[in-house]
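Data first, discussion second: the structure below is written as structure tokens.
Computed from the coordinates by the stated procedures, all read-outs in this text should not be read as laboratory data. In this text, all values refer to a predicted model and were calculated from it rather than measured experimentally. Cβ placement follows ideal geometry from the backbone for every residue including glycine, while neighbour counts extend to all protein chains displayed.
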Amino acid sequence: MGVRAAEPVGNPFQRTVLKWVALKTPLPWPKGYKTRPEADQEIGGTRPVEFARDMQELEALLARFTAEQKDFRWQQHPIFGALSEPEWMRWGYLHTDHHLRQFGL
């Protein structure tokens, strides 16, 4: 959504085959895959502050991400490259589900 810049690091394999596997197959995403430094809360990402406040911010970001009328332009995914809106929605669902499963939710 353009909130934070992310350095493109994807290669042709990741922008085609890996993107297809990640978005189109029922395979669960692997655990332990290192996040990009721009998103890592220990490096350049958002550090936790207070749980209730962090949850409010997450809910606001999810509402903005899924709003019918967008107030932003889709950016390139740092690994998968250009994604269509349906691909971004699929990625958002799978990414959220991946992290919820980490915590048994």
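Data table
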{"read-out": "Acute angle (nearest 10 degrees) that the helix 51-66 long axis makes with the longest principal axis of the chain, alpha-carbon atoms", "value": "40"}
{"read-out": "Between the range 5-43 and the range 66-105, the alpha-carbon center distance in angstrom", "value": "11"}
{"read-out": "Of PHE65, PHE80, PHE13, the one that fluctuates the most in a GNM where the chain has Cα springs shorter than 10 Å", "value": "PHE13"}
{"read-out": "In degrees, nearest ten, helix 85-102 long axis to first principal axis of the chain (Cα)", "value": "60"}
{"read-out": "Gaussian network model of the chain, Cα within-10 Å springs - most flexible of GLY92, GLY45, GLY81", "value": "GLY45"}
{"read-out": "Taking the C-alpha atoms of the chain, convex hull volume expressed per residue in Å³", "value": "122"}
{"read-out": "Per DSSP, loop GluC sites (Glu not before Pro) in the range 16-105 with at most 14 further Cβ within 10 Å", "value": "GLU38, GLU42, GLU50, GLU68"}
{"read-out": "Summed residue charge, Cβ within 11 Å of MET1's Cβ, Lys/Arg positive, Asp/Glu negative", "value": "+3"}
